[in-house]
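The values are calculated or read from the model by the stated rules, or taken from the named source; none is laboratory data. Quick caveat, the model's predicted, so the values are computed rather than measured. Neighbour counts run over all protein chains shown; Cβ positions are idealised from the backbone, glycine included. What goes into the accessible areas is simple: the full protein's heavy atoms, side chains included, and nothing from ligands, DNA or RNA. Shrake-Rupley method; radii C 1.70, N 1.55, O 1.52, S 1.80 Å.
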Amino acid sequence: MPDENSAAPTTAAIPERNWAGNLTYRAAHLHRPRSVAEVQEIVAGSPHVKALGSRHCFNDIADTTADLVSLEALDTGVEFQTAPSGDGGIVWMPGGMKYGDLVLELAPRGHALHNLASLPHITVVGATATGTHGSGNRNGSLSTSVAGLEIVRSDGELVSLDADHPDLPGAVVHLGALGIVTRIALRFQRTFSLRNNVYLGLTWERLLDDLDAVADAAYSVSVFTNWHEITMVWVKARTDEPDVAAEEFFGARSATVPTHMISTADVENLTDQLGVPGEWHERLPHFRAGFTPSKGEELQSEYFVPRRHARAACHRLRALADAMAPLLLTCELRTVAGDDLWLSPATGGDVLALHFTWVRDEGRVRALLPEIEAALRPFGARPHWGKVFTIDAGELEGLYPRLPDFRDLVRRFDPRGAFTNAYLDRTIAAFA
Ligand SMILES: Cc1cc2nc3c(=O)[nH]c(=O)nc-3n(C[C@H](O)[C@H](O)[C@H](O)COP(=O)(O)OP(=O)(O)OC[C@H]3O[C@@H](n4cnc5c(N)ncnc54)[C@H](O)[C@@H]3O)c2cc1C
């Protein structure tokens, strides 16, 4: 973090694009405030303003026409509130902090988060604001760890929502619509270690017969497929739970070399496999900090279906395998535990997440998505807020029972619509 007194400019050139390179930001200014007071001043004086995280969303969720605010230079400090038992607690951190930096604070103290996404490169606020998740039958999304938020509303006021505040379940997955989060608190627990074993040759028949058992076989399980066949299964087991590592996994055989889910990508970018134990932050993400995650040149989409529809949804998508093949780099199936956060894709019950990594050809991907969305519509599939989808506000209203309440929350925090943008008009439509 820079010195508070340094003369570094607090505005900078707009980063032209998001991480995937499929979006050029339209904002006129990028601000890099170093204090909460500066954030308040920028927000109160701007007609249209949004916070920018690490730019890993694949759509225009973070875009705006006037002012973007990066919190990279805002150092509000990291503050631990440890439980009397010493085994867990709450950590407050700055609104621009990335998971990769947070783990450097947690791990040396013997603390852990319950789960991580496939990459540590993303900001805690950007990820939790969009319902970002990892895998595991018993693991809620990353948003479920949020224990508090401090938000600058559009009138420039700083409001604090602690763990008991009635607005918090509505405000955690906020899509950037409520204001600029200057501090966020996450729950942490005692550290743990895992092993990742990769298995090849699982058949679709065996997976669909034993879907619940496969997903429940370890703390975090990811199934990769091109929809014609299952390409591999990553089984991340805690070392303090019964060992599941074996030569065989539901008829699949153990990989003998590190294996990337995208065959043309570099295995150097992956966290360790082959059953080598490592701390939670070195095994839960698929990709290593400081290295290119996933393919690098790609798009992503993802849909969440209630667990009871998991088999039927897979059957529907297998029928589209040929249509997807020219565009698909890989697909990942993960389970996420249900929660009660208003706009969480897992709100109301456990879900299967169906993730697609596409080649970076947005026109062709967008032309195909309505077919995938139609196949999943009977199951009430919800889209990942941060990825490419075509589902609109009308359909989202039927998928999220608390959407009308969220609109009220938006109008309370932002009556002048300063944080709304084209994305929020299409999806939330709080000002329609
Ligand atoms: C290679 C790759 C792998 C991925 N893997 C996963 C995965 O495993 N699981 C998964 O669920 N998703 C995954 N994603 C998606 C990713 O986690 C989400 O897109 C996440 O939101 C990115 O966070 P960010 O910091 O880049 O946010 P941005 O894209 O910069 O912003 C996202 C939203 O958060 C808002 N925001 C950010 N900071 C603040 C703040 N301080 N105050 C108010 N609003 C704020 C922005 O305005 C915007 O609305 C992956 C993406 C990529 C590129």
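Hydrodynamic radius of the stretch 79-191 by the Kirkwood approach over all distinct alpha-carbon pairs: 14.2 Å.
Counting only protein heavy atoms and a 1.4 Å probe, the chain has 38 square angstrom of accessible area per residue. In the chain, the portion of solvent-accessible area held by carbon and sulfur atoms comes to 49 percent [1.4 Å probe, whole percent, DNA, RNA and ligands not counted].
Of VAL257, VAL388, VAL198, the residue with the greatest mean-square motion in the GNM of the chain, using alpha carbon springs below 10 Å, is VAL257. Other residues lying with their Cβ under 9 Å from the Cβ of GLU395 contribute a combined charge of -2, Lys and Arg counting +1, Asp and Glu -1. Note on the chain: GNM, Cα springs under 10 Å; of LEU194, LEU368, LEU333, the largest mean-square fluctuation is that of LEU368. Simple spin-label estimate for LEU168 and ALA28 gives 3.9 nm between the two label positions (7 Å along the Cα-to-Cβ direction from each Cα). Here's the picture: a label point sits 7 Å out from the Cα of GLU241 along the beta-carbon direction, and within the stretch 190-204 the residues with their amide nitrogen under 16 Å of it are 190-198. Comparing the stretch 193-385 with the 2.2 N^0.38 Å rule of thumb, its C-alpha radius of gyration ratio is 1.00 (two decimals).
Round to the nearest 10 and give me the degree value, 0 to 90, for the angle of helix 362-376's Cα axis relative to the longest principal axis of the chain. Orientation of helix 362-376: about 70 degrees from the principal axis. Could you check which residue among LEU284, LEU328, LEU320 shows the biggest mean-square fluctuation in a GNM of the chain with a 10 Å Cα cutoff? Checking each option, the largest mean-square fluctuation is seen for LEU320. 3J(HN,Hα) along the stretch 259-270, derived from phi through the Karplus expression 6.51 cos²θ - 1.76 cosθ + 1.60 where θ = phi - 60°, amounts to 10, 8, 6, 10, 4, 8, 9, 8, 5, 4, 7, 8 Hz, with x in place of Gly and Pro.
What number, rounded to the nearest 500 deg cm²/dmol, is the helix-based mean residue ellipticity at 222 nm of the chain, given -39500 (n - 2.57) per DSSP H run of at least four residues and division by all its residues?
Values: 13 runs with 93 residues, N = 432.
My calculation for the chain gives -5500 deg cm²/dmol from helical runs alone.
Under the simplified labelling scheme, the ALA44-SER85 pair shows an inter-label distance of 4.4 nm, with each label point 7 Å from Cα along Cα→Cβ.
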